[in-house]
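**Q** Got a structure for you, written out below as structure tokens; questions coming shortly.
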Amino acid sequence: MSTQARKNPVLPIWYAVTALLCLGYVAFPFFYTLRSATFVDGSFTLDVFGEFFANPNHVQVAVNSAVLGLGTVLVCGILGTMLALYMTFLAGKRKMILHILLLSPMMIPGVITVIAFIQLYGESGLFTKALQMLLNLPSAPYSFKGFGAILFVIAYTQYVYFYLNVYVALKYLDYAQVEAARSLGASWGRVFKDVIFPVIKPAVLLSTILTFTSGVSSFSGPNLIGGYKVLSTQIVLSKVNNHLEMASVQAVVMFAISIAVMLLVRWYGRRTRSVQADRTATKVVPLRAHPALLLATRIVVAVQILLILLPIAAIVYLSFMTTGSIMQEIFPHSFTLENYQTIFAKPRVLQPLLNSLEMATLAVAAGLLITVPSAYALVRRPSKAGAVVRFLLMLPAALPASLIAINLINAFATENVFAFNVPLIGSFVILPIAYTIMALPMLLSSNEVAIGSLHRSLEEASKSLGAGPLRTFLHVIVPNTMPGILAGGVLMFIRMIGEYTMSALLYGIHNRPISISIVTNMQEYETGISLAYGVLVILVCYAALAVIFRLDKNRFV
Amino acid sequence: MSDVVLQDITHRYDSEDVLKHVSLTIPHGAFFTLLGPSGCGKTTLLRVLAGFIVPSAGRVSIGGKDITDLPCEKRNMGVVFQNYALFPNMTVRDNIAYGLKVRGLRRNEREARTKRYLALAGLEDYAGRHVQELSGGQQQRVAVARALAIEPDMLLLDEPMSNLDVGLRARMREEIRAIQRQTGVTTLFITHDQQEALSISDLVAVMNEGEVLQVGTPEEVYNHPGNAFVANFVGTANAIDGLQLRPEQLALTQAGRGGTTVRIEQVSFTGPSYEYLVVDERNGSRYTVLEKNLGQGCTWSVGDVCDLVQDAQGRTDTP
């Protein structure tokens, strides 16, 4: 098999093309950013870094970002792990529906969540006003601004990582070990520390990296809620002010913070021994908890479910109200279809939605085109060259969204050999390219799982019956791995259709995406249109989710 | 004497009684085996004793002290799980010391006791190893040592041999028995293997469908089975004139000597003996008969007609 692989000229060519694309669009652009940060007027200087670190305001912004990242990890870690433990040990009936509900925040683009939260908890939000009237207060009982409010929104969207990863890890818990520890006299606290935590530790560490990175680089929350300056918002500001060197420095600082934490977590993970998944594990038996404890946990879960459903309900409800009614009435009740009619009647208003659909589709298609053959080669013919290609394809996972966008601006604002000497910034394709870059790591790993689970004998059977490699690939491998591959693609489609961070830095007149339109309509007091956009995107996402469920139910269960 | 007494235990799970009015007394220091097919409720009974489940009805007591509602971590029961449930993030030594650490034993006492049980299980050379690096037999020794180190009131073994290959199984059986004799700990052993149950136990309780059918010494249960189920589960049985007779209690003689006339349907060689499957062609009843292997081949071959008689000597007459 391996000698055959060496003779086969297709694989090296494929690897070379993939590597070249990754280098051209991911790695080199990062060096352009470094150059932009350190070369002023053609000579090397650390002046811009000096400017950054000499200004306490800049440093404070970096500290704020790190604190937001840590806060995100802490809140999401506690909430997500607790929910996973509840679902594993205590949940009985309706477990499946609960599980899907708990996962649902992942399915709504962050920018829409933030807007829904503002409509609910903002100064004139539905919840705020209801509470104010209920308590008979002269003004809003709280101010939905600053660190707390931003953390609240981010925690709401990001706990899902902890929840899902820990929940899946707990499936490999050997329940007999829990009973063994109990029979040896261990309390539940000790059982968690000595038996459960070692099993979920890899999942906890991975989720820590994921949520820290998304907390540090989060943009929609800090940008729309305000009251707390972070690097992502300052990067956009620097770019708008045409201070691209400063934007580059800020993006590099953000990258440094997230890489530092990633390395720290990795180091901790390697220092301590992790537990391998056990195939002979005994299944978890649902516990009979103390009634008081059960009630308490049920209340926490019920509140969580309410928190998840409320924003969606609010945004759907308000999208059927006239903008005047939303702005003026305490509880809007002037029903209208006008918002939706405007969107579908005016091509100019509909265009952003069509743009996003097109760009997300393009990005997923391009991403799959690159990652499916690569994943196949990586799974079936592991090699050193393959490892290098894999590293390059996974690279974007380590880059915050703002940095990917700044890299592209630095690399493609002028002619670039990788773009056949056409400036890409300002053109339609720059956003699909950015989306593709961001989707590569997730698509690759999801394809590797899909292809890895295909039994090799199926392929060998096809070959033994006389089918060539191409025929085998098209008629045996593709049909059998397609559900998993497409499900991963659909998930990325959902992620990209409402993408906001990179979009804010890269969009132009030709490719204005829906996320930008949602925000600008909100800011231009076209609230009704903005919310109707939001509902339409949610509808698209849920339709896509239904597709995933048909294709690959196991992904979530 | 701290006998373990199970009194009228019933356990309902998913509206099905998995244990039905089980009453048992396990004498102090005994090696007591629960024998039965899978799904008979024997593991549920062990879990009731361990405190993992509280029975729907009935009481459990040790030495007259009621422990029915005592949570498992307060019970002092040593449990050896079917998959051993060793903590994979700990070494052999740490696994054995775990229960002592939880109990807050002082360091030097803890170390001394851990050492003692490492020695008892013959694991001194493996103390620093991680449990994944051990063979199946070694893992089982760790599991037994860990359960015994807390010096439990009772040792509970849940089909501990089921993951071992045949040769190792017999050896581990002897080892467990030896350790039990040495420590004198009251032991409940669970198995579905009748040979294992007969060879290792002081007392055997045969269970089926949530009920205890018979309790007795291995000899009593084998030689005088209380009913057809026990007779068939504990060895092979032939029902003749209302009696349950073992294959070695029957013999074949030349036709016309006054026994039941049967035809040889099948002969199989098992090493120490030949096993005949014979059929009474008048009513279709089938019987199993053993003939000792004397090194001269079997007496009967397929198709022969002969008589089936009771034979206390366990020999068949030559034709």
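Each row is one residue, and each column tells you yes or no for (1) more than 13 Å from A:LEU399 (Cα to Cα); (2) not in a helix (DSSP H, G or I).
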site: A:TYR228; (1), (2): yes, yes
site: A:LEU237; (1), (2): yes, no
site: A:ALA256; (1), (2): no, no
site: A:MET262; (1), (2): no, no
site: A:VAL265; (1), (2): yes, no
site: A:GLY269; (1), (2): yes, no
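**Q** Another question about this same structure. Filter region B:103-162 down to residues that are among the hydroxyl-bearing types (Ser, Thr, Tyr) and outside any helix (DSSP H, G or I) and give me whichever is farthest from the other protein chains (Cβ to nearest Cβ).
**A** B:SER135
**Q** Only residues that are surrounded by 15 or more Cβ atoms within 10 Å (Cβ to Cβ) and among the acidic types (Asp, Glu): list them for region B:1-44, please.
**A** Matches in region B:1-44: B:ASP3, B:ASP17.
**Q** What strands (runs of 3 or more DSSP E) completely inside region B:242-281 contain at least 2 residues that are among the small types (Gly, Ala, Ser), over 22 Å from B:PHE229 (Cα atoms) and in contact with a strand residue (DSSP E or B) (Cβ under 8 Å, 6 or more places away or on another chain)?
**A** none
**Q** Within region A:12-62, restricting attention to residues that are among the β-branched types (Val, Ile, Thr) and crowded, with 18+ Cβ neighbours inside 10 Å, which residue is farthest from A:VAL379 (Cα to Cα)?
**A** A:VAL48
**Q** Right, another one. Checking the structure you have, find out if any residue of region A:417-424 is modelled with pLDDT under 80, buried (at least 19 other Cβ atoms within 10 Å of the Cβ) and not hydroxyl-bearing (Ser, Thr, Tyr).
**A** Yes, region A:417-424 contains a residue that is modelled with pLDDT under 80, buried (at least 19 other Cβ atoms within 10 Å of the Cβ) and not hydroxyl-bearing (Ser, Thr, Tyr).
Here's the yes/no breakdown for (1) farther than 22 Å from B:HIS224 by Cα; (2) of a type in the set (D, E, K, R); (3) surrounded by 12 or more Cβ atoms within 10 Å (Cβ to Cβ):
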site	(1), (2), (3)
B:GLY242	no, no, no
B:ASP280	yes, yes, yes
B:VAL289	no, no, yes
B:GLN296	yes, no, no
B:THR299	yes, no, yes
B:ASP304	yes, yes, yes
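**Q** Further question on the same structure: Given the criteria in contact with a helix residue (DSSP H, G or I) (Cβ under 7 Å, 6 or more places away or on another chain) and basic (Lys, Arg), does A:ARG381 qualify?
**A** yes
**Q** Hey, another quick one. For residues that are hydrophobic (A, V, I, L, M, F, W, C) and within 21 Å of A:MET492 (Cα to Cα), scanning just region A:341-361, find the one that is surrounded by the fewest Cβ atoms within 10 Å (Cβ to Cβ).
**A** Of everything passing the filter in region A:341-361, A:LEU354 is surrounded by the fewest Cβ atoms within 10 Å (Cβ to Cβ).
**Q** So, in region A:193-203, how many residues would count as being more than 11 Å from chain B (Cβ to nearest Cβ), under 15 Å from A:ASP174 (Cβ atoms) and surrounded by fewer than 21 Cβ atoms within 10 Å (Cβ to Cβ)?
**A** 0
**Q** Working carefully through the options A:ARG190, A:ARG182, find the one that is at the interface with chain B (Cβ under 8 Å from one of its Cβ atoms) and touching a Cys at 6+ places or on another chain (Cβ under 9 Å).
**A** Exactly one of A:ARG190, A:ARG182 is at the interface with chain B (Cβ under 8 Å from one of its Cβ atoms) and touching a Cys at 6+ places or on another chain (Cβ under 9 Å), namely A:ARG182.
**Q** Right, something else. All but one of (1) more than 14 Å from chain A (Cβ to nearest Cβ); (2) over 25 Å from the mean Cα position of the chain (by Cα) hold for B:THR68, so report the exception by its number.
**A** Every listed condition holds for B:THR68 apart from (2).
**Q** Could you list all residues from region A:138-175 that are surrounded by fewer than 22 Cβ atoms within 10 Å (Cβ to Cβ) and either facing another protein chain (nearest Cβ under 9 Å) or touching a Lys or Arg at 6+ places or on another chain (Cβ under 7 Å) (or both)?
**A** Selection gives A:TYR175 alone.
**Q** Of the residues A:PHE53, A:PHE44, which is among the aromatic types (Phe, Trp, Tyr) and closer than 20 Å to A:ASN410 by Cβ?
**A** A:PHE44
**Q** Yes or no: A:MET482 buried (at least 21 other Cβ atoms within 10 Å of the Cβ) and part of a helix (DSSP H, G or I)?
**A** So A:MET482 fails the test.
The values are calculated or read from the model by the stated rules, or taken from the named source; none is laboratory data. Note that the coordinates shown come from a computational prediction; the quantities given were computed from them, not determined experimentally. Positions of Cβ are generated from backbone atoms using ideal geometry, with glycine treated the same way; all protein chains shown enter the neighbour counts.
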